[in-house]
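Notes to accompany the following structure.
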Amino acid sequence: MTENKNRCVVTGLGLVSAIGNTVAESWKNAVAGVSGIKNATSVATEGCYATLGAEVSADDLDGVPEAESMDRVSKLCVKAAGEAVRDAGLNLADEDARRVGVIMGSCVGGVISIEHYYREGEQAEDVTKMPISAIANAVAHTYGAGGVVTNVANACAAGTISIAYACDLIRAGVGDVFIAGGADAFASVPYAGFISLHALDAMPCSPFNRCSGITLGEGSGALIVESYEHAVKRGAKIYCEILGNGVSSDAHHITAPRPDGEGQMNAIRRALASSGLKPADITYINAHGTGTAKNDEAEFLSLHTIFDETNDNLSVSSTKAMVGHCLGAAGAIEAVFTVKALTEDTVPPTVGYTAEDLERLKERAGKIDFRPNRSRKKTLTHVMSNSFAFGGNNASIVFSKTPGDVSLPAKKQKVYITGLGIVSPAGNGVENYLASVNAGALPASPSVSATVGHEDYDACGLKMAFYRKLDAFSQLQAVSGMEALADASLTVTDENATDIGIVVGTSDGPISTVCDFQKDIVAKGNAAGSAFKFPNTVYNAAGGYLSICSGIKGYNVTVTNGTQSGISSIAYGVNILREGQEKVVLATGTDENSEIIESLYRKLGYVADSVHGAYDGDTGFVLSGGSITLVLESGENVAARNATPYAEVLGYGMTSAGLPFGQVSGSEGAMADAIRLACEDAGISLSDIDAVAGFANGQKAVDEMEIAAYRAVFGDEKLATLPLYHVKDTVGECRAAGAALAASHAACLLVGKLTGEQKAYRVTNGKVEAVKVDPKNHRYILVTSYAAGGSTCAVVLGKA
């Protein structure tokens, strides 16, 4: 059955929306054109010009397991995922947990808990409910997934990219089954934010029609995505095939799409090409269709440009007119509707057209059937779902009744690190960081951070008119990204802009900006949200700004699942390059420190009372922030431009222990498995590893888990000879930035930028001691990291 190796299928669906608490109920109402848009009741609307919302009415959300530990967004997601698992007839107890993953998209994450935190006395139990990271973790913990567990935080494209990434990982052989989708809750932050942008419609939204604004919604969509072989082997019912996908970036504006639709069309064309299809093959598109003038006009142009010449049988509709714009859940909810449309041969409508609107539509629609008001029975073969987001992120995915022609490169591309951008508390730029390491520098206090200023902006060519729009999180990312391009001697041009992608990894994203925005509206009301701050509350703003200032127009994604996000971004980038989706990927780890972030971590008791290093603390660590960018290139591109690599990225492994979010102890088994998988992917044995760039940070639970994992993998004899390098001794716990810095540090060791005796640790009979090590004979270095909640990642670097 080798001909089926690239086939991914949908075997289960789950949905909770404003028009139903199940797939069946939601689909029945969608076909009937029932709108769930009503006066909003879950947020304060006093003084606001728009008061409508598409809210979920479900009385069983608090009945999901361990609901008291979850934000509403996680409850919605766990509910939808549960329906999908049951629908698929999937007994996860019978599965190899390491081959089952969870990928969930979200735009705003646990913002209801952020509001509760500031309204109800700043209680510690709200803090661990805030991050987007908590969502996929809740699903993995509830249903027992132990493979790749992560979250995609690309605003309104997050749900679609999550499904696409699940397929890419299955085709890469990383997993057999994924619970993929997205979730977001109706909350004050997005509501007040879109009020501030004057982007909400005072009436129910009317995509491709009145185009006077969006109506926010909430909910969750989940799909069980499986390899075809796995589904057949277990006798699963198969809804349809998932063919190709396309992801792109506008490099234009943080909130508005390119008027010419270039980025949208790039995503659509990539999806068609990777599916082995032509525009004429698509019979239905569930459009992004938000109801804003700029979004609808750009999408209208994109659809007509691509499909008018060759497709006389295309239907298009926007289900947002019924369920609202559900932000990070939108792509997942719309994917469920798209699969149902395909399998039921029924095109759902775009509701809200008057008789006058219908006459106007006739003049503009051309060949495309925009399906106003009423659903239509129609034979469907290949269908598409599109999602376009803040940050200029675009995603398109194709579902089909037939296998299509999804092909991968015959030869797996080698991947190299060719550039580094370092913004850290120990200095900005590679040379300044290395000087601090060689000088034995330590953090100045228990809470430190990287800083960027005019000198950095000028060196990167960033103008004040641009960088003044960015929050601190995005400023760090913009500088490290531009530094990395310069270090790689890589110039972005019109010719190569679509050949370069960005994968941002972050633990906490712009949580400081989100909290600041929330505090303002708690004090002043939802009508007083800041239009300047709101665009920076989405996690993918940093990647969007980097795209804009660099001109990069390729794949753009933001992943978030704790500290390990800084190297899981490398793993994601490797996958993109191996599949031939791009020639270059900027993989980053970025997290800021601020008064707000320090206060949140202190609320949890995680910030140390004094400066200390690895294996030398108790409950706290030195909190810090920074941004690290690694330029990853395919071997062919390195050869073509005669680039000089730092190191080769040989392999990666990702697993999860499925622990309650916030817990670290108990992750050692998952960490050990991630290390084994990384070595297997790299084609080397455990005995080949010469050193480890680890993640110990002085917090006892983290340090003990790390050592337990290494002992389980290497045994005491090997471990006693294995140097453990820890960058956090120099920069503190800068979370995703620390993980990416560990990889950068390892690359510098391998290329010979760190010479002579270097500080490291060894573990002898369970006892840790500091040692000096000459790295000149290192060939393979293992880089490891963790997340609170049990997700782990390991990457193997080798001498180039």
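The values are calculated or read from the model by the stated rules, or taken from the named source; none is laboratory data. On a predicted model such as this, the values are computed, not experimentally measured, just so you know. Heads up, the Cβs are rebuilt from the backbone with ideal geometry, glycines too, and the neighbour counts pull from every protein chain shown. Heads up: the accessible areas ignore ligands, DNA and RNA and are worked out on the full protein's heavy atoms, side chains in. Shrake-Rupley method; radii C 1.70, N 1.55, O 1.52, S 1.80 Å.
What to note about this one:
- Test set (1) out of contact with any Asp or Glu (no Cβ under 9 Å at 6 or more places or on another chain); (2) assigned to a helix (DSSP H, G or I) - Y353 fails condition number: (2)
- Of all residue pairs spaced 6 or more apart or on separate chains, those with beta-carbon atoms under 7 Å, a first member in region 511-524 that is among the charged types (D, E, K, R) and a second member that is surrounded by fewer than 24 Cβ atoms within 10 Å (Cβ to Cβ) are D516/K533; D516/I596; K519/Y118; D520/A528; D520/S530.
- Restricting region 18-32 to residues that are in a helix (DSSP H, G or I) and within 27 Å of the chain's Cα centre (by Cα) leaves a set whose member that is nearest to S318 (Cα to Cα) is S26.
- On the stretch given as region 746-771, residues that are of a type outside the set (A, V, I, L, M) and open to solvent by 60 Å² or more (accessible area, probe 1.4 Å) total 8.
- If you go through region 202-233 and keep only what is of a type outside the set (F, W, Y), open to solvent by 10 Å² or more (accessible area, probe 1.4 Å) and in contact (Cβ under 8 Å) with a residue 40 or more places away in the chain, you end up with A202, M203, P204, N209, R210, C211, S212, S227, E229, H230.
- Any hit, region 390-411, residues being open to solvent by less than 30 Å² (accessible area, probe 1.4 Å) and out of contact with any strand residue (DSSP E or B) (no Cβ under 6 Å at 6 or more places or on another chain): yes
- Residue within region 114-131 that is open to solvent by 10 Å² or more (accessible area, probe 1.4 Å), of a type outside the set (V, I, T) and either under 18 Å from the mean Cα position of the chain (by Cα) or closer than 30 Å to E680 by Cβ (or both) present: yes
- Region 445-460 - residue that is part of a loop (DSSP other than H, G, I, E, B) and without any contact (Cβ under 8 Å) to a residue 40 or more places away in the chain and, of those, farthest from I597 (Cα to Cα): G453
- Residue check: G613 meets all listed conditions (1) of a type outside the set (K, R); (2) touching a helix residue (DSSP H, G or I) at 6+ places or on another chain (Cβ under 6 Å); (3) outside any strand (DSSP E or B); (4) over 16 Å from A444 (Cα atoms) but one, namely (4).
- Answer residue from region 250-270, given it is open to solvent by 40 Å² or more (accessible area, probe 1.4 Å) and part of a helix (DSSP H, G or I) and is modelled with the lowest pLDDT among those: E262
- Of the residues making up region 516-530, not a single one is buried (at least 24 other Cβ atoms within 10 Å of the Cβ) and within 18 Å of the chain's Cα centre (by Cα).
- Of the helices (runs of 4 or more DSSP H) contained entirely in region 463-541, those carrying at least 1 residues that are basic (K, R) and farther than 21 Å from T558 by Cα fall at 511-524.
- Qualifying residue in region 485-503 (condition: under 28 Å from V702 (Cα atoms), within 17 Å of the chain's Cα centre (by Cα), open to solvent by less than 10 Å² (accessible area, probe 1.4 Å) and touching a residue at least 24 places away in the same chain (Cβ under 8 Å)): yes
- Number of positions in region 563-589 that are part of a loop (DSSP other than H, G, I, E, B), closer than 21 Å to A678 by Cβ and modelled with pLDDT of 95 or more: 2
- Candidate set: region 271-315, residues that are outside any helix (DSSP H, G or I) and of a type in the set (D, E); chosen: the one surrounded by the most Cβ atoms within 10 Å (Cβ to Cβ): D308
- The sole residue among A614, A608 that is closer than 21 Å to T792 by Cα, among the hydrophobic types (A, V, I, L, M, F, W, C) and touching a residue at least 24 places away in the same chain (Cβ under 8 Å) is A614.
- The residues of region 188-216 that are part of a loop (DSSP other than H, G, I, E, B), in contact with a strand residue (DSSP E or B) (Cβ under 7 Å, 6 or more places away or on another chain) and within 26 Å of G110 (Cα to Cα), listed by number, are A199, D201, P204, C205, G213, T215.
- Residue satisfying all of: in region 590-607; of a type in the set (G, A, S) and at pLDDT 95 or above; least open to solvent (accessible area, probe 1.4 Å) among these: S594
- Failed condition for L470, given (1) closer than 21 Å to D250 by Cα; (2) without any contact (Cβ under 8 Å) to a residue 24 or more places away in the chain; (3) touching a helix residue (DSSP H, G or I) at 6+ places or on another chain (Cβ under 7 Å): (2)
This table checks each residue for (1) out of contact with any strand residue (DSSP E or B) (no Cβ under 6 Å at 6 or more places or on another chain); (2) part of a loop (DSSP other than H, G, I, E, B).
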residue: T142; (1), (2): yes, no
residue: G159; (1), (2): no, no
residue: G181; (1), (2): no, no
residue: F186; (1), (2): no, yes
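- Residues (at positive phi and modelled with pLDDT of 95 or more) located in region 406-445: G427, G429
- If you filter region 363-380 down to residues that are more than 17 Å from A30 (Cα to Cα) and among the small types (G, A, S), you find that the one that is least open to solvent (accessible area, probe 1.4 Å) is A365.
- Check on G580, touching a helix residue (DSSP H, G or I) at 6+ places or on another chain (Cβ under 7 Å) and either open to solvent by 10 Å² or more (accessible area, probe 1.4 Å) or in contact (Cβ under 8 Å) with a residue 24 or more places away in the chain (or both): no
- The one condition in (1) assigned to a loop (DSSP other than H, G, I, E, B); (2) open to solvent by less than 30 Å² (accessible area, probe 1.4 Å); (3) farther than 19 Å from D591 by Cβ; (4) in contact with a Lys or Arg (Cβ under 8 Å, 6 or more places away or on another chain) that G440 fails to fulfil: (2)
- Meets criteria (modelled with pLDDT under 95 and buried (at least 18 other Cβ atoms within 10 Å of the Cβ)) for S449: yes
- Residue selected from region 45-71 under the condition in a loop (DSSP other than H, G, I, E, B) and among the small types (G, A, S), by the criterion nearest to L200 (Cα to Cα): A50
- Residue check for A145: surrounded by 24 or more Cβ atoms within 10 Å (Cβ to Cβ), in contact with a Phe, Trp or Tyr (Cβ under 8 Å, 6 or more places away or on another chain) and of a type in the set (G, A, S): no
- Given (1) modelled with pLDDT of 95 or more; (2) surrounded by 24 or more Cβ atoms within 10 Å (Cβ to Cβ), number of the condition A614 does not satisfy: (1)
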